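This report concerns only the one structure given below.
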Amino acid sequence: MLDGCTPWPAEFAERYREQGYWRGETLGAVLRTAAKDFGPRTALVHGDRRISYAALDEWADRLAAGFADHGIRPDERVIVQLPNVPEFVAICFALFRLGAKPVFALAAHRHTEIRHLQELSGATAYIGPGTHRGFDYREMAKQIDFRLRFDLGADIAGIPRDFPEPDPSDVAFFLLSGGTTALPKLIPRTHDDYVYQTRTAASVCELSADDVYLATLPIEFNFAWGSPGVLGTLWNGGKVVIADSPSPDDCFPLIEREGVTVTALVPSLTQIWVEVAEWTEADLSTLRLLQVGGARMRPEFVRSIGPALGCRLQQVFGMAEGLLTFTRGEEDALRTQGTPISPADELRITDETGNDVPTGEIGELVTRGPYTLRGYYRVPEHNKKAFTADGFYRTGDLARLTGNGELVIEGRIKDMIIRGGDKISSGEVESHLAEHPAVAGVAVVGVPDEFLGERICAYVIPRETAPSLAELREFMHGRDVAEYKLPDLIKLIDAFPLTPLGKVDRKALR
Ligand code: J2J
């Protein structure tokens, strides 16, 4: 594995291979096979563009050659920051075939986040959209120390040729952690583990060549990319329809036009879809499965989803770090977040001392398995805390297991805010606001919100003159941080409540 990553111990790797989970295939090779099996069928649809499996495969080859001609080498990290477009898929496969490693940035990221990702990953190249939704990504990237920068419009193609096949047990790409520490961390995903995840998720969802998957959420989100998402659909010969935005205005006509059968949403968007479905004239009857995950939902709302959209609801609990749990039927989807997709997923619920709690009781979910990371990239000190001695990842989620082994998420111990579909680290927002001259102390927590699930509330101890919310937002904006991290509320306070250990008591603030 790439230097700076934590490989699975040899005994685990051997077992995962013996049991057939890891098959020694690269992502690029799996697309090649799909192109052989499904060549003329449609792989990707975006607006009025339609791209067949054969064309996608060839496009990836031409781009791989072009990137190599421009000097991109195996193992080099490349920041990919793109909206939902077919190029995203072709570019990633091109980099996979070269053995270069895409780092999936969010389209919302700005200079501060991209610079951090560049420093942490050592990325030498950046691929961005040029100007998109009024923001000039090219200008932003120019201010960061990349050797190579590419825009969507650029002509990168070269003459297709073969490259040495990357090692399937090596890193294919990096996902970003939702973030609990001040700065996001990188999650190495190997070919072996991601091919396994996407195949398994697809088989749980019974995806076939007849399925039409709507990529509603951002494609770089693990949910839309591989749970089973875009990749799981492509492995099975289905059609991937790429939506520009998750709004019903964009998506409902696409569902009708393309006969969409499966899609994935976060709860806040599901709420909008359920409301609009009541009066829409679009025909949504082809939809058979709606996956919803990423944040908790109220039980009354859960019950309304299937009937409102005329399809089966599947609850999904997932994380870019690995573990996925899916509900399997109508009934479990109403009361649980499902069971792991792999028989090799190991789940434990532990108390503060790390011991298992009795079945049915609430504790921290810790997990390991054939597609769950063993360490974040290049943060050895953090890894000592984030993993147990025997390699279980501490999720920071509070959960219980039912007698049937179903997972129920009950809350969180990590300092993370889930605002709509976005994950925000309290520590990251605090580290920015603490720099404001009028702020003597700051603690950031998520407060309940009917629509977004949570909103970002900054508790501020002011110096002489108290800052306003608008000032704090403007201040963070000026630091070139993604908009979704800006506080929604400010509350002035004289002193923070403390825990018995003398830390800020966030629970009390909430
Ligand atoms: C409560 N909290 C949840 C759920 C995730 C599929 C689906 C989601 C993600 C994702 C993903 C939740 N109920 N159903 O990558 O492939 C919270 C937990 C978790 C964190 C991970 C996928 N589903 N969560 O949300 O890496 O706190 O992945 O640890 O963005 O989201 O966030 P992320």
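Being on the phi > 0 side of the Ramachandran plot, at pLDDT 95 or above and surrounded by fewer than 21 Cβ atoms within 10 Å (Cβ to Cβ) is true for just one of ARG147, ARG138, ARG115, ARG133. Which residue is that? Quick ask: steps written out before the conclusion?
Working: ARG147 fails: on the phi > 0 side of the Ramachandran plot; ARG138 fails: on the phi > 0 side of the Ramachandran plot; ARG115 fails: on the phi > 0 side of the Ramachandran plot.
Selected residue: ARG133, the only one of ARG147, ARG138, ARG115, ARG133 that is on the phi > 0 side of the Ramachandran plot, at pLDDT 95 or above and surrounded by fewer than 21 Cβ atoms within 10 Å (Cβ to Cβ).
For region 463-484, filtering for residues that are out of contact with any Leu (no Cβ under 6 Å at 6 or more places or on another chain) and farther than 14 Å from GLU435 by Cβ leaves 8. Does region 477-500 contain at least one residue that is at pLDDT below 95, over 24 Å from GLY178 (Cβ atoms) and part of a loop (DSSP other than H, G, I, E, B)? Looking for residues that are at pLDDT below 95, over 24 Å from GLY178 (Cβ atoms) and part of a loop (DSSP other than H, G, I, E, B), one finds at least one in region 477-500, hence yes. Criterion applied to ARG378, ARG374, ARG335 was being within 16 Å of the ligand (Cβ to nearest atom) and among the basic types (Lys, Arg), and the one residue passing it is ARG335. Among the residues of region 424-441, not a single one is within 27 Å of LEU365 (Cα to Cα) and in contact with a Cys (Cβ under 7 Å, 6 or more places away or on another chain). Of all residues in region 257-281, which are closer than 19 Å to GLY229 by Cα and of a type in the set (Asp, Glu)? Correct list: GLU258 only. Is it the case that some residue within region 53-75 is buried (at least 16 other Cβ atoms within 10 Å of the Cβ) and assigned to a strand (DSSP E or B)? No - not one qualifying residue is present in region 53-75.
Considering only region 458-467, I want to know if a residue exists there that is away from the ligand (no atom under 15 Å from the Cβ), under 25 Å from the mean Cα position of the chain (by Cα) and free of Cβ contacts under 8 Å to residues at least 60 places away in the same chain. Looking for residues that are away from the ligand (no atom under 15 Å from the Cβ), under 25 Å from the mean Cα position of the chain (by Cα) and free of Cβ contacts under 8 Å to residues at least 60 places away in the same chain, one finds none in region 458-467, hence no. Applying the condition of being without any contact (Cβ under 8 Å) to a residue 60 or more places away in the chain and within 16 Å of the ligand (Cβ to nearest atom) to region 412-447 and asking which residue is nearest to GLU275 (Cα to Cα) yields ILE417. Here the condition is being surrounded by 15 or more Cβ atoms within 10 Å (Cβ to Cβ), assigned to a loop (DSSP other than H, G, I, E, B) and in contact with a Lys or Arg (Cβ under 8 Å, 6 or more places away or on another chain); of GLY375, GLY391, it holds for GLY391 alone. Filtered by the rule that a residue be within 21 Å of PRO343 (Cα to Cα) and either part of a helix (DSSP H, G or I) or without any contact (Cβ under 8 Å) to a residue 40 or more places away in the chain (or both), region 6-52 gives ALA10, GLU11, PHE12, ALA13, GLU14, ARG15, TYR16, ARG17, GLU18, GLY20.
Go through region 383-397 and give me each residue that's of a type outside the set (Phe, Trp, Tyr), in contact (Cβ under 8 Å) with a residue 24 or more places away in the chain and more than 9 Å from the ligand (Cβ to nearest atom).
Keep residues of region 383-397 that are of a type outside the set (Phe, Trp, Tyr), which gives 383-386, 388-391, 394-397.
Pick out the ones that are also in contact (Cβ under 8 Å) with a residue 24 or more places away in the chain and you get 383, 388, 391, 394-397.
Once the filter is applied, which keeps residues that are of a type outside the set (Phe, Trp, Tyr), in contact (Cβ under 8 Å) with a residue 24 or more places away in the chain and more than 9 Å from the ligand (Cβ to nearest atom), region 383-397 yields ASN383, THR388, GLY391, ARG394.
Evaluated against (1) within 18 Å of the chain's Cα centre (by Cα); (2) part of a helix (DSSP H, G or I), LYS385 falls short on exactly one condition, (1).
Could we say that ALA308 is out of contact with any strand residue (DSSP E or B) (no Cβ under 9 Å at 6 or more places or on another chain), hydrophobic (A, V, I, L, M, F, W, C) and within 14 Å of LEU290 (Cα to Cα) here? Judged against the criteria, ALA308 is a match. Residues that are assigned to a strand (DSSP E or B) and farther than 30 Å from PRO74 by Cβ were ranked within region 172-218; the one that is nearest to the ligand (Cβ to nearest atom) is TYR213.
Determine whether LEU401 is among the hydrophobic types (A, V, I, L, M, F, W, C) and over 23 Å from the mean Cα position of the chain (by Cα). It is true that LEU401 is among the hydrophobic types (A, V, I, L, M, F, W, C) and over 23 Å from the mean Cα position of the chain (by Cα). Of the candidates THR261, THR280, THR198, THR286, the single residue that is in contact with a Gly (Cβ under 7 Å, 6 or more places away or on another chain) and surrounded by fewer than 23 Cβ atoms within 10 Å (Cβ to Cβ) is THR286.
On the stretch given as region 476-509, residues that are touching a Pro at 6+ places or on another chain (Cβ under 8 Å) and not small (Gly, Ala, Ser) total 6. Annotation: CYS251 fulfils all but one of (1) outside any helix (DSSP H, G or I); (2) more than 16 Å from the ligand (Cβ to nearest atom); (3) on the phi < 0 side of the Ramachandran plot; the unmet one is (1).
The values are calculated or read from the model by the stated rules, or taken from the named source; none is laboratory data. Please read all numbers here as calculations on a predicted model, not as lab measurements. Counting neighbours? That spans all protein chains shown, and the Cβs are built from the backbone with ideal geometry, glycine included.
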